[in-house]
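A.B. asks: Quick one: the structure is below, questions incoming.
The values are calculated or read from the model by the stated rules, or taken from the named source; none is laboratory data. It should be emphasised that the depicted structure is a prediction, and the values quoted were computed from it without experimental measurement. A quick note on method: Cβ atoms are made from the backbone with ideal geometry, for glycine too, and the neighbour counts reach across all protein chains shown.
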Amino acid sequence: MKISRKEASFSQLTSAINHFQEEDFCCSITLAAAAEGILPETESPYIFKELQGIDGLEPNLIINLLKHGTDYDYIEVDKAESVLIIVRAISKFIAVHHQSCSAFEGFLRDAHEKHGFPVNLRKEQS
């Protein structure tokens, strides 16, 4: 099977959203971080920097532990970190590919309405 980076990251993100809905935050974080990581760098704006300063959230520490087993032997993983990491990955996908989908839009809307995350992104619907 051949798969592009775009297809792989899209699949990882939609799976991350599904795991999030099942409250499987470890899998949702790992999949979203993997999706974000395989996307190429972009000059288009996305909300990585805006999400860095949210009090009490340490997404990179959690990602490092879940993906690499580094930094800590144990760490608290909760819904807020999962939302932040998925939002960050979705925003990068949209910035790179200038496309979104209903699953992304629904997640971003919920992230803003239920958790107060900034999700004002420029995009084109696919």
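A.B. asks: Starting from the stretch 62-77, keep only residues that are among the hydrophobic types (A, V, I, L, M, F, W, C), then list their pairs with residues that are loosely packed, with under 12 Cβ neighbours inside 10 Å and modelled with pLDDT of 75 or more whose Cβ atoms are within a distance under 7 Å, requiring at least 6 positions of separation or different chains.
C.D. replies: So the pair list comes out empty.
A.B. asks: Further question on the same structure: If a residue counts only when it is at pLDDT below 95 and surrounded by 14 or more Cβ atoms within 10 Å (Cβ to Cβ), which helices (runs of 4 or more DSSP H) contained entirely in the stretch 1-105 have at least 2 such residues?
C.D. replies: Values: elements: 5-21, 25-38, 48-52, 59-68, 79-97.
Result: 25-38, 48-52, 59-68, 79-97.
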